[in-house]
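Working notes for the structure below.
The values are calculated or read from the model by the stated rules, or taken from the named source; none is laboratory data. Since we're looking at a predicted model, the values are computed, not measured. All Cβ positions, even for glycine, are placed from backbone atoms using ideal geometry, and neighbour counts span all protein chains on display. Just so you know, the surface numbers come from the protein's heavy atoms only, side chains and all, with ligands and any DNA or RNA stripped out. Shrake-Rupley method; radii C 1.70, N 1.55, O 1.52, S 1.80 Å.
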Amino acid sequence: MDRRSLIKNAGIAGVLAAGIAPAVHAQATVRWRLATSFPKALETLHGCAVKFSETVKALSGGKFEVSVHAAGELIPAFGIVDALADDSIEMGETAAYYFTGKDPSFAFSCAIPFGFTAQQNQAWKIHGNGHKLLDELFAKYNFHARSALNTGTQMGGWYRKEMNKPEDFKGLKMRLGGGVFGESMAKLGVVSQNMPGGDVYQALEKGTLDAAEFVGPYDDAKMGWNKVAKYYYYGGWWEGGADLEFFINNKAYAKLSPEYKAIVNSAMDTAYNDGTSKYLYLNPIALKQLVASGTQLKRFNKEIVQAGFNAAQEVYAEHSAKDPVFKKILDDLRGFQRDQILWNRISELVFTQDMASLKI
């Protein structure tokens with residue numbers, strides 16, 4: 001493997017962090033299995049696991065290989081945590097809030113209503129107490145988590161009617177995520193509908209579903225929901241920066257040599273950088289295409305946003321009152337977030353507002 005190929009696959013930082021040396025090539029061959037919660041057709045969400053696998057193989061000179069399995073191929077989409085707990089797989093790639101049925105605190109690792117942006121999330125996890133607090137939570141399930149990609153701020157979903165006031169959510173049958181987000185929407189009167197993404201189109205078309213949310217323009221366009229729900233709202237307060245993650249089996253990771261651990265860590269960083277930047281590239285293009293095809297872009301008004309915030313605050317208070325771990329993580333997250341908001345008000349917020357007002 002030549003130096004230029006290595007840098008292309010992992011980046012200079014990855015090469016340095018991994019410490020590529022003859023010692024790596026002397027390592028025993030390792031084979032891992034990585035299951036994702038996504039279909040192969042979503043080359044964004046599933047693709048970051050593929051990028052991770054390719055980078056591990058490149059950095060190890062083929063001595064360390066990770067087979068990647070889409071949802072349903074090896075285990076069900078939502079079977080990752082159980083499979084890690086019983087050592088059936090070495091890694092998973094998923095969204096932590098899929099597993100809030102096990103513990104509502106899982107949501108903090110992915111996204112919560114009125115939570116972090118992508119950059120703030122990374123700062124909290126890496127330099128704040130995020131990883132420490134979350135790894136303590138995940139330890140009972142035999143894994144730790146590291147970022148796989150961040151979708152960035154997500155959209156507010158597809159609706160068959162306009163949403164002009166909080167009361168418009170009452171009785172709304174909507175396909176959405178669960179956890180604290182689902183609980184918050186329920187307080188607004190939304191009737192949550194759990195169904196596979198592939199069934200949503202027909203449900204919207206027939207009117208048995210009034211609305212649905214997924215990710216953002218690029219992934220949403222693939223679902224085709226714009227053909228049966230013309231109103232596309234933004235200001236999705238429930239996912240300011242959804243962090244998809246690699247869940248790493250603690251026992252399997254502990255058995256790796258220091259060199260292989262460095263390769264795994266560097267490959268995860270490479271996948272995150274690739275996947276997160278890919279969304280920034282793809283979403284604007286897809287949004288223009290959606291609008292050109294007739295999609296009506298709408299922003300949630302302040303009254304609706306405030307109602308959503310109030311509902312989320314109620315949910316947080318209820319969980320905090322009965323779950324000290326939930327309260328501990330939430331308090332730490334909010335403390336970190338307050339400082340981020342203060343800094344953002346005079347830094348990136350001002351810059352983006354200025355840029356939006358200029359013609360370039």
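On the stretch given as segment 170-201, residues that are among the charged types (D, E, K, R), in a helix (DSSP H, G or I) and touching a residue at least 24 places away in the same chain (Cβ under 8 Å) total 2.
Taking the condition over 19 Å from the mean Cα position of the chain (by Cα) and assigned to a strand (DSSP E or B), does Ser67 pass?
Criteria met by Ser67.
Taken as a whole, the structure places Val291 among residues that are touching a strand residue (DSSP E or B) at 6+ places or on another chain (Cβ under 9 Å) and open to solvent by 50 Å² or more (accessible area, probe 1.4 Å).
Of the residues in segment 254-268, not one is aliphatic (A, V, I, L, M), outside any strand (DSSP E or B) and either open to solvent by 80 Å² or more (accessible area, probe 1.4 Å) or over 24 Å from Ser60 (Cβ atoms) (or both). A search for C-beta distances below 8 Å between a residue of segment 57-71 that is open to solvent by 50 Å² or more (accessible area, probe 1.4 Å) and any residue that is hydroxyl-bearing (Ser, Thr, Tyr) and assigned to a strand (DSSP E or B), counting only pairs 6+ apart in sequence or on different chains, returns nothing. Of the candidates Ala221, Ala211, Ala186, the single residue that is touching a Lys or Arg at 6+ places or on another chain (Cβ under 8 Å) and among the small types (Gly, Ala, Ser) is Ala211. Of all residues in segment 307-335, count the ones that are under 21 Å from the mean Cα position of the chain (by Cα) and open to solvent by 50 Å² or more (accessible area, probe 1.4 Å). Total meeting the criteria: 1.
For the condition surrounded by 20 or more Cβ atoms within 10 Å (Cβ to Cβ) and within 14 Å of the chain's Cα centre (by Cα), Glu239 qualifies.
Restricting segment 22-34 to residues that are surrounded by 16 or more Cβ atoms within 10 Å (Cβ to Cβ) and assigned to a strand (DSSP E or B), the residue that is farthest from the chain's Cα centre (by Cα) is Val30. Of the residues that sit in segment 285-297 and are touching a Phe, Trp or Tyr at 6+ places or on another chain (Cβ under 9 Å) and assigned to a helix (DSSP H, G or I), which one is nearest to Gly92 (Cα to Cα)? Only one residue fits best here, namely Ala286.
Residue count for segment 210-235 satisfying the condition of being outside any helix (DSSP H, G or I) and more than 30 Å from Ala267 (Cβ to Cβ): 13.
Would you check if Gly11 is surrounded by fewer than 21 Cβ atoms within 10 Å (Cβ to Cβ), within 30 Å of Asn344 (Cα to Cα) and modelled with pLDDT under 95? So Gly11 passes the test. Just one of (1) under 18 Å from the mean Cα position of the chain (by Cα); (2) at pLDDT below 95 fails for Phe246. It is (2).
When you look at Ile304, is it open to solvent by 60 Å² or more (accessible area, probe 1.4 Å) and in contact (Cβ under 8 Å) with a residue 24 or more places away in the chain, yes or no?
Answer is no for this residue.
Entry remark, segment 35-64: residues being of a type in the set (A, V, I, L, M), in a loop (DSSP other than H, G, I, E, B) and either farther than 19 Å from Ile89 by Cβ or touching a Lys or Arg at 6+ places or on another chain (Cβ under 6 Å) (or both) number 2 in total.
Search segment 183-195 for residues being surrounded by fewer than 23 Cβ atoms within 10 Å (Cβ to Cβ) and at pLDDT 95 or above, and hand back the single one that is nearest to Leu244 (Cα to Cα).
Ranking the candidates gives Glu183 first.
Residues considered: Ile346, Ile329. Of these, the only one that is more than 20 Å from Ala139 (Cβ to Cβ), among the β-branched types (Val, Ile, Thr) and modelled with pLDDT of 95 or more is Ile346. Checked against the criteria, Phe214 does not count as open to solvent by less than 10 Å² (accessible area, probe 1.4 Å) and touching a residue at least 40 places away in the same chain (Cβ under 8 Å).
Go through segment 84-167 and tell me which strands (runs of 3 or more DSSP E), entirely inside it, have 3 or more residues that are modelled with pLDDT under 95, among the charged types (D, E, K, R) and open to solvent by less than 10 Å² (accessible area, probe 1.4 Å). Of the strands (runs of 3 or more DSSP E) lying wholly inside segment 84-167, none has at least 3 residues that are modelled with pLDDT under 95, among the charged types (D, E, K, R) and open to solvent by less than 10 Å² (accessible area, probe 1.4 Å).
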